[in-house]
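This report refers to the structure that appears directly beneath it.
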Amino acid sequence: MKKTIVIALGGNAIKPAGQKGTYEEQYESVNKTTEHIAKLIETGNKVIITHGNGPQVGDLLLQHDSAKKQVPPFPMFMCGAQSQGSIGFLIQQTLQNHLFKKKIEVDVATIITQVLVDKDDPAFSNPTKPVGPFYEKEEDFAEEKVKGFAFIEDAGRGFRRVVASPIPKEIVELNSIRNVSDSGIVVIASGGGGIPVVNRDGNYQGVDAVIDKDRAGQLLATKLGADVFMILTDVEKVALNFNTPEQKDISNLSLVECKKYMQEGHFAEGSMLPKIQAAVAFVENGGEKAVITSPSKALEALTGETGTIIMNKE
Ligand code: ADP
Ligand code: MG
């Protein structure tokens, strides 16, 4: 059966943790991923793509900060907009090329998307979202820390800068996304969780934050009434006791199990936890199933052969 699938692509799947993040590396990663996404389109599914920008937006912040004597740095939300454009372009071009190769006559288009947040969201005074490069030791980011930037230890992979990550409330361009998607075009939207904006006296204004793409992706999937919300990241399956000798990969999770394991602390904050929360919220809001897997397993996971499937059943 043909499905409407919202795919949320991880920023780390575009720039894997071990890589420097050259244009060529990011092109290659995206090109590989979109080859798998093309298969989902080839099998007749309606696909809407969203993506993260954690590594990219963090790198842009560093670039702006390092060159600030020559070029005035942009606010964080402008870096979000920049990354939406550049990552959207990479996905759009490579996916279109794969579809050409397969002789599938479907267009691909990116919609620059603003996402409304609450200006009083407590996240603004408590940064939690990891962005940018990984640092091995505390000395490696001492200079950044002096500037007042906050850092955390990210899921056993090193230290990273953290920024405010408010809850997405509304997708400003939702109607445009729906209409373009309904016309048969593959839409890339709400990249990097969307450009965070607040509404001040009837005017949208950018705010400095990075919205979690898993949460924003869930909002998009729910609002579009998607059947499947598919989160593609750098693990094939969600695990219990992740990164320990007792690690156990899981194939199926009910909502009750998700909540139990969340409480037991199996999912790291800022990485797997928001994915499980987003998956639960999608299913609770009427979605058929959420799937968490790696890009190369997307098609198999859709038919239940691999990945972790979150559904509302025991
Ligand atoms: P993305 O850029 O795709 O959002 P994240 O780094 O935010 O990627 O989240 C995926 C990462 O979550 C995995 O690479 C893994 O290191 C980490 N992780 C934390 N807890 C778990 C878990 N319980 N099972 C699997 N992966 C986990
Ligand atoms: Mg993430």
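If you go through the stretch 214-265, how many residues are in contact (Cβ under 8 Å) with a residue 60 or more places away in the chain and of a type in the set (Lys, Arg)? So the answer is 2.
Okay, residues lined up against (1) of a type in the set (Gly, Ala, Ser); (2) within 15 Å of ligand 2 (Cβ to nearest atom); (3) over 16 Å from Ile49 (Cα atoms):
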residue: Asp120; (1), (2), (3): no, no, yes
residue: Glu138; (1), (2), (3): no, no, yes
residue: Lys145; (1), (2), (3): no, no, yes
residue: Ala155; (1), (2), (3): yes, yes, yes
residue: Asp182; (1), (2), (3): no, no, no
residue: Asn203; (1), (2), (3): no, no, yes
residue: Gly206; (1), (2), (3): yes, no, yes
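Could you check the stretch 240-272 and list, in sequence order, the residues that are among the small types (Gly, Ala, Ser), under 22 Å from Ala13 (Cβ atoms) and away from ligand 2 (no atom under 16 Å from the Cβ)? Quick ask: steps written out before the conclusion?
The initial filter retains those residues of the stretch 240-272 that are among the small types (Gly, Ala, Ser), namely 251, 254, 265, 268, 270-271.
Now narrow it down to the ones that are under 22 Å from Ala13 (Cβ atoms): 251, 268, 270-271.
Within the stretch 240-272, just Ser251 meets the criteria.
Flag: Ile7 matches the condition of being within 13 Å of ligand 1 (Cβ to nearest atom) and not in a helix (DSSP H, G or I). With the condition kept exactly as written, say whether any residue in the stretch 206-228 is buried (at least 18 other Cβ atoms within 10 Å of the Cβ), over 24 Å from Cys258 (Cα atoms) and within 16 Å of ligand 1 (Cβ to nearest atom). Yes: the stretch 206-228 contains one or more residues that are buried (at least 18 other Cβ atoms within 10 Å of the Cβ), over 24 Å from Cys258 (Cα atoms) and within 16 Å of ligand 1 (Cβ to nearest atom).
Filter the stretch 37-46 for residues that are over 11 Å from Thr94 (Cβ atoms) and touching a helix residue (DSSP H, G or I) at 6+ places or on another chain (Cβ under 9 Å) and give the result. Give the steps one after another, and end with the answer.
Narrowing the stretch 37-46 to residues over 11 Å from Thr94 (Cβ atoms): 39-46.
Of everything in the stretch 37-46, those that are over 11 Å from Thr94 (Cβ atoms) and touching a helix residue (DSSP H, G or I) at 6+ places or on another chain (Cβ under 9 Å) turn out to be Lys39, Leu40, Ile41, Glu42, Thr43, Asn45, Lys46.
Of all residues in the stretch 20-40, which are part of a loop (DSSP other than H, G, I, E, B) and either within 16 Å of ligand 2 (Cβ to nearest atom) or within 15 Å of Ala301 (Cα to Cα) (or both)? Scanning the stretch 20-40 gives a single hit, Gly21. Please verify whether the stretch 224-238 includes one or more residues that are touching a His at 6+ places or on another chain (Cβ under 8 Å), over 14 Å from Ala279 (Cα atoms) and within 16 Å of ligand 2 (Cβ to nearest atom). No, the stretch 224-238 contains no residue that is touching a His at 6+ places or on another chain (Cβ under 8 Å), over 14 Å from Ala279 (Cα atoms) and within 16 Å of ligand 2 (Cβ to nearest atom).
For the structure I just gave you, tell me whether Val235 is under 18 Å from the mean Cα position of the chain (by Cα), within 16 Å of ligand 1 (Cβ to nearest atom) and not small (Gly, Ala, Ser).
Yes: the conditions hold for Val235.
Considering only the stretch 256-276, I want to know if a residue exists there that is closer than 23 Å to Ser83 by Cβ and touching a Pro at 6+ places or on another chain (Cβ under 7 Å). There is at least one residue in the stretch 256-276 that is closer than 23 Å to Ser83 by Cβ and touching a Pro at 6+ places or on another chain (Cβ under 7 Å).
Any idea which residue in the stretch 103-136 is farthest from ligand 1 (Cβ to nearest atom), counting only those that are polar (S, T, N, Q) and without any contact (Cβ under 8 Å) to a residue 60 or more places away in the chain? Restricting to residues being polar (S, T, N, Q) and without any contact (Cβ under 8 Å) to a residue 60 or more places away in the chain, the top hit is Ser125.
For the stretch 105-116, the criterion of being at pLDDT below 90 and polar (S, T, N, Q) is met by none of the residues. Within the stretch 245-285, the set of residues being away from ligand 1 (no atom under 14 Å from the Cβ) and either more than 25 Å from Ser165 (Cβ to Cβ) or buried (at least 16 other Cβ atoms within 10 Å of the Cβ) (or both) comprises Pro245, Asn252, Ser254, Leu255, Val256, Val280, Ala281, Phe282, Val283. Evaluating Ala13 against the criteria (1) of a type outside the set (Ser, Thr, Tyr); (2) within 16 Å of ligand 2 (Cβ to nearest atom); (3) not in a helix (DSSP H, G or I) leaves one unmet condition, (3).
Candidates are the residues of the stretch 22-79 that are touching a Gly at 6+ places or on another chain (Cβ under 7 Å) and among the polar types (S, T, N, Q); the one that is farthest from Phe141 (Cα to Cα) is Thr50.
Screening Lys275 on (1) within 16 Å of ligand 2 (Cβ to nearest atom); (2) in contact with a Leu (Cβ under 6 Å, 6 or more places away or on another chain) shows it passes everything except condition (2).
The values are calculated or read from the model by the stated rules, or taken from the named source; none is laboratory data. What you see is a predicted model, and the numbers here were worked out from it, not measured in a lab. Every residue, glycine among them, receives a Cβ derived from its backbone with ideal geometry; neighbour counts consider all protein chains shown.
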